[in-house]
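A short worksheet on the structure shown next.
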Amino acid sequence: MTQRTVLSRGRLSSGREVDLAIDSESGRIVEVGTISLQPSDKVEDCHDMVILPAPVEIHAHLDKALLNQNLPYDLNPTGDLDGAISAMQSIDLTSQDVFRRAKQAVLEMIKNGTTTVRSHVDIRDPIGTSSLRALMELSTWLTESKLGTLQLSCLMGRQLSGREGKRNRALLEESIELGVDVVGGCPYLDDNPKEALKVLLDAAMEAGRPIDLHTDETLDKDIFTLQHLVDEVDRRGVGAGVTASHCVSLSMQPEKTQLEIANRLAETGISIAVLPQTNLYLQARGINQAPPRGIAPAKLLIQAGVNVAAGADNVQDPFCPVGRLDALETASMLVLGAHLNPDVAWEACSNSSRRALGMEEITFAVGNQADLLVVSGKDLRSAITQATPDRLVIHKGKVVSRTKVSSSMSI
């Protein structure tokens, strides 16, 4: 008889108490409700805990993560995006250090419940593809250890068009030959954004890879390449594998334009990744009167039927000096910064991110894959509010992390 793991007396996000049985061999849910235990069952007492679809980190930068551990806080004195980019160009990244910090960061993510991560990784001179190679080694280690899944997107240097982009185009080709999972870049920063977009889409289509682009990470409403992306994707008919990350300047457009773009995004199937943590830190610097929040209009996009995913982006590096590598923190920021209800915020951090990555959704139906986060709380809202470290993390039906905490108070 196949052994089962039974999550006993847990609560779903609605607060309803259930038992949930997982087949250890297939990693899938085999029973939900009130369960009669079998002698071979391994029981996990989940009383006063909430069972959630495991979060997915849709947008990390593991090659930069935790750099602030060993660097001065004021390395980015302006605190904005240009300052962070300049700071990174002054840092000597080694493969060994990238691997060490990335492993530390991803293990913390897993401990907090995130077992699937998409990380962008800088591909530019002078580092070339060295950081990519280090993270590919980490991806292999994670897969072999059965702790989680790491998907890598090449974040190409800012110039891809024209003569000056020749070297970066060669590095893009090298990255694809190495086996990078996703094609990425920042076409909005290029001297010729339309041409850079064409280079990236052509490369992705030829290689049969999805694409995830840093898009309009600015409050300048005149920088609005998202509409070019929608036009090009619509013409090519490839929207299901396309993610546009950031899309900050969309929040600065007239509402009529926002609605028009939102409807087109929904029609093409392009996913939007909103990244509240880093964009709240980087954007609106120096604007003292009614500063914009710097987040894409998530609620409007969702209401239009767009698949809106959410991630943390940078964590403890020149782009963002804080961050806990915890999706519950991202969800909390979406509630506060984007005015999403807790259930909608968690959907963005979990199943919407899974859809963007082309993964199976978690619905707690029999036969569904068991990628789960079990965390203390009486319902989803309280779980997000408390964000307690008391957690059980299940990846493909296996318990991969367990954290228990205790406290005492003398009165």
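Rule-based calculations on the coordinates, nothing more; no lab input. Note that the coordinates shown come from a computational prediction; the quantities given were computed from them, not determined experimentally. With ideal geometry, Cβ positions are generated from the backbone for all residues, glycine too; neighbour counts draw on all protein chains shown.
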Q.
Please give the Cα centre distance for the range 338-371 versus the range 160-201, rounded to the nearest Å.
A. 31 Å
Q) Angle, helix 130-145 long axis vs. longest principal axis of the chain, Cα atoms, 0 to 90°, nearest 10? A) 20 degrees
Q: For a footprinting-style exposure proxy, rank THR2, THR385, THR243, THR268 by other Cβ within 10 Å, fewest first.
A: THR2, THR385, THR268, THR243
Q. So what's the convex hull volume per residue for the Cα atoms of the range 117-179, in Å³?
A. 63 Å³
**Q.** If the convex hull is drawn through the Cα atoms of the chain, its volume per residue in Å³
**A.** 160 Å³
Q: May I ask for the angle, rounded to the nearest 10°, between helix 193-207 and the longest principal axis of the chain, with both axes built from Cα atoms and the value confined to 0 to 90°?
A: 50 degrees
Q.
Which log10 I(q)/I(0) values does the range 206-329 give at q = 0.10, 0.20 Å⁻¹ under the Debye formula, counting every alpha carbon as one identical point scatterer?
A. -0.31, -1.14
**Q.** Angle between the chain longest axis and helix 166-178 axis [Cα atoms, degrees, rounded to 10]
**A.** 30 degrees
**Q.** Under 11 Å, Cβ to Cβ, from CYS247 - net charge with Lys/Arg +1 and Asp/Glu -1
**A.** -2
Q: Mind sorting MET205, MET156, MET333 by how few other Cβ atoms lie within 10 Å of their own Cβ, fewest first?
A: MET205, MET333, MET156
Q) What distance in nm separates the simple spin-label points at LEU12 and GLN96, each placed 7 Å from Cα in the Cβ direction? A) 5.2 nm
Q: Would you mind putting 352-364, 78-90 in packing order, based on average other-beta-carbon counts within 10 Å, highest first?
A: 352-364, 78-90
Q) With Cβ to Cβ distances under 13 Å as the rule, what net charge do the other residues near ASN76 carry (K, R +1; D, E -1)? A) -2
**Q.** For the chain, calculated [θ]222 nm from helices alone, where every DSSP H run of n ≥ 4 adds -39500 (n - 2.57)
**A.** -10500 deg cm²/dmol
Q. Between ILE384, ILE270, ILE261, which gets the highest mean-square fluctuation from a Gaussian network model of the chain, Cα cutoff 10 Å?
A. ILE261
Q.
Test of understanding: express the Cα radius of gyration of the range 1-149 as a ratio to 2.2 N^0.38 Å, with N the residue count.
A. 1.41
